[in-house]
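A.B. asks: Submitted below is the structure of interest, expressed as structure tokens.
The values are calculated or read from the model by the stated rules, or taken from the named source; none is laboratory data. Model, not experiment: these values are computed from the prediction. Counting neighbours? That spans all protein chains shown, and the Cβs are built from the backbone with ideal geometry, glycine included. Accessible surface is based on the protein model in full, side chains and every heavy atom, while ligands, DNA and RNA are left aside. Shrake-Rupley method; radii C 1.70, N 1.55, O 1.52, S 1.80 Å.
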Amino acid sequence: MKTNDLTSSERTGQTRRTFLQKAGLLSMAGITGLGAGQCAKGVFRPLKFGIIADIHRDLTPDADERLNIFMKRVEAEQPDFIISLGDFAHPLPGNRPFAERFRQAPCPAWHVLGNHENDRGTKADAVTFLEMPAPYYSFDTGGYHCVVLDGNYIYDDGAFIDYEKGNYFRYDDGHVSYISDEQCEWLAADLKSTSLPTLIFSHQSLLHDLYGIPNRAFVQQLLETANEQAGFNKVVACFNGHHHQDFYRCINRIHYFSINSVSYKWHDRSIPGRYAPELEAKYGQLSHMSLYRDALFAFVSIDPHDRLSLRGVMSQWAVPPPENILSESVRFGRESSPHILDRQCNL
């Protein structure tokens, strides 16, 4: 049975238990150590990282300025690393200076692969352009393990197909944004291989039902079982972009953050005439966007007192969208907004 065949109601079924046992994430002898969800003393070391999502250099008229604003804050904040959660830029020669600006950070700069990196080329093209180690990978920094996932797979007729050259546009939502079985097996082994507290980064949400990863319940079970086996909250938090919304939930002591776009909120309906005619002519999708006045980004800090703090940016609409447009994409009680709210969580 493929992972996409598993629904939330099947999360404790025999098929899933068999997978987890084979992956080494479930012990038939039981779990020892701290109670599930408890923190091991001294696990959380100080860490700070900068995070952006969905800047869309090819679609927005001022993406370069927005990236420069973020990079200046990076220079002032001096984080341990920065990460883009995808939809950064098409892998085209004209975007090389933009990608190089991100790499000029005074710290390691990492990328998550977004769906729109695959609009004009192959997944391999995007990985090479962004200088990523692979479409999905992990790295250690400052006493933490970080996992970067790739949700850019089509599931069709029992096969997982890479996004490339916009092929995913030909499928409905039920067939796109999957994490492949092979990647799930890698994730299970990767989580087992580390004793460090872990952060998960993906483009599409591991929690949202709207445009999220369809086999997210299975991935959630992998993360929760890793916590159970470790005897503490090993997988601390998951961060995603893609949805262009500010959102947070804590489920089974794992913190899920959707990071709003640097640039705009997308609307399925076109609303022409809100921006200068020359801009709408040059950027053909601009009439579908409500731009934010300011660049949105966040800095995340974890302290030794088991607290995670996220500091975001409060902005305004560059041109206010109609209220009925805003209400169309409400999910989990939060409608579209030009903000990334500050949040503090106990780990």
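A.B. asks: With Asp125, Asp80, Asp119 as the choices, which residue is in contact (Cβ under 8 Å) with a residue 60 or more places away in the chain, open to solvent by 10 Å² or more (accessible area, probe 1.4 Å) and acidic (Asp, Glu)?
C.D. replies: Of the residues listed, the single one that is in contact (Cβ under 8 Å) with a residue 60 or more places away in the chain, open to solvent by 10 Å² or more (accessible area, probe 1.4 Å) and acidic (Asp, Glu) is Asp80.
A.B. asks: Which residue is modelled with the highest pLDDT, if the candidates are limited to the stretch 37-53 and must be in contact with a Phe, Trp or Tyr (Cβ under 8 Å, 6 or more places away or on another chain) and in a loop (DSSP other than H, G, I, E, B)?
C.D. replies: Arg45
A.B. asks: Here is a follow-up. Identify, from the list Ala105, Ala89, the residue that is in a loop (DSSP other than H, G, I, E, B), modelled with pLDDT of 95 or more and in contact with a strand residue (DSSP E or B) (Cβ under 6 Å, 6 or more places away or on another chain).
C.D. replies: Residue meeting the stated conditions: Ala105.
A.B. asks: Please determine whether any residue of the stretch 173-188 is touching a Leu at 6+ places or on another chain (Cβ under 7 Å), surrounded by 16 or more Cβ atoms within 10 Å (Cβ to Cβ), assigned to a helix (DSSP H, G or I) and in contact (Cβ under 8 Å) with a residue 60 or more places away in the chain.
C.D. replies: yes
A.B. asks: Conditions first: (1) open to solvent by less than 10 Å² (accessible area, probe 1.4 Å); (2) at pLDDT 95 or above. Ser336 passes all but one, so which condition is the exception?
C.D. replies: Against the list (1) open to solvent by less than 10 Å² (accessible area, probe 1.4 Å); (2) at pLDDT 95 or above, Ser336 comes up short only on (2).
A.B. asks: Just wondering, is there one or more residues in the stretch 43-55 that are in contact with a helix residue (DSSP H, G or I) (Cβ under 6 Å, 6 or more places away or on another chain), free of Cβ contacts under 8 Å to residues at least 60 places away in the same chain and on the phi < 0 side of the Ramachandran plot?
C.D. replies: Within the stretch 43-55, not a single residue is in contact with a helix residue (DSSP H, G or I) (Cβ under 6 Å, 6 or more places away or on another chain), free of Cβ contacts under 8 Å to residues at least 60 places away in the same chain and on the phi < 0 side of the Ramachandran plot.
Table: residues versus (1) at pLDDT 95 or above; (2) of a type in the set (Lys, Arg); (3) more than 17 Å from Ile259 (Cβ to Cβ); (4) outside any loop (DSSP other than H, G, I, E, B).
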{"position": "Glu65", "(1), (2), (3), (4)": "yes, no, yes, yes"}
{"position": "Phe70", "(1), (2), (3), (4)": "yes, no, no, yes"}
{"position": "Val74", "(1), (2), (3), (4)": "yes, no, no, yes"}
{"position": "Glu100", "(1), (2), (3), (4)": "yes, no, yes, yes"}
{"position": "Pro133", "(1), (2), (3), (4)": "yes, no, yes, no"}
{"position": "Phe139", "(1), (2), (3), (4)": "yes, no, yes, yes"}
{"position": "His145", "(1), (2), (3), (4)": "yes, no, yes, yes"}
{"position": "Gly151", "(1), (2), (3), (4)": "yes, no, no, no"}
{"position": "Phe169", "(1), (2), (3), (4)": "yes, no, yes, yes"}
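A.B. asks: Any idea which residue in the stretch 136-152 is most open to solvent (accessible area, probe 1.4 Å), counting only those that are touching a helix residue (DSSP H, G or I) at 6+ places or on another chain (Cβ under 6 Å) and closer than 16 Å to Ser84 by Cβ?
C.D. replies: Once the filter is applied, the top-ranked residue is Tyr136.
A.B. asks: For Pro108, work out the one condition from (1) under 19 Å from Asp190 (Cβ atoms); (2) open to solvent by less than 40 Å² (accessible area, probe 1.4 Å) it doesn't fulfil.
C.D. replies: Only one criterion is unmet by Pro108, namely (2).
A.B. asks: Name the residue that is nearest to Asp173 (Cα to Cα), counting only residues in the stretch 189-209 that are over 14 Å from the mean Cα position of the chain (by Cα) and surrounded by fewer than 23 Cβ atoms within 10 Å (Cβ to Cβ). Lay out the reasoning, then the answer.
C.D. replies: Within the stretch 189-209, the subset over 14 Å from the mean Cα position of the chain (by Cα) is 189-198, 209.
Pick out the ones that are also surrounded by fewer than 23 Cβ atoms within 10 Å (Cβ to Cβ) and you get 189-190, 192-196, 209.
Working: Ala189: 29, Asp190: 28, Lys192: 31, Ser193: 33, Thr194: 34, Ser195: 36, Leu196: 35, Asp209: 11 Å.
If we take residues in the stretch 189-209 being over 14 Å from the mean Cα position of the chain (by Cα) and surrounded by fewer than 23 Cβ atoms within 10 Å (Cβ to Cβ), then Asp209 is nearest to Asp173 (Cα to Cα).
A.B. asks: If you don't mind, there's one more thing I want to ask. Name the residues in the stretch 153-167 that are in a loop (DSSP other than H, G, I, E, B), open to solvent by 10 Å² or more (accessible area, probe 1.4 Å) and touching a strand residue (DSSP E or B) at 6+ places or on another chain (Cβ under 9 Å), would you?
C.D. replies: Lys165
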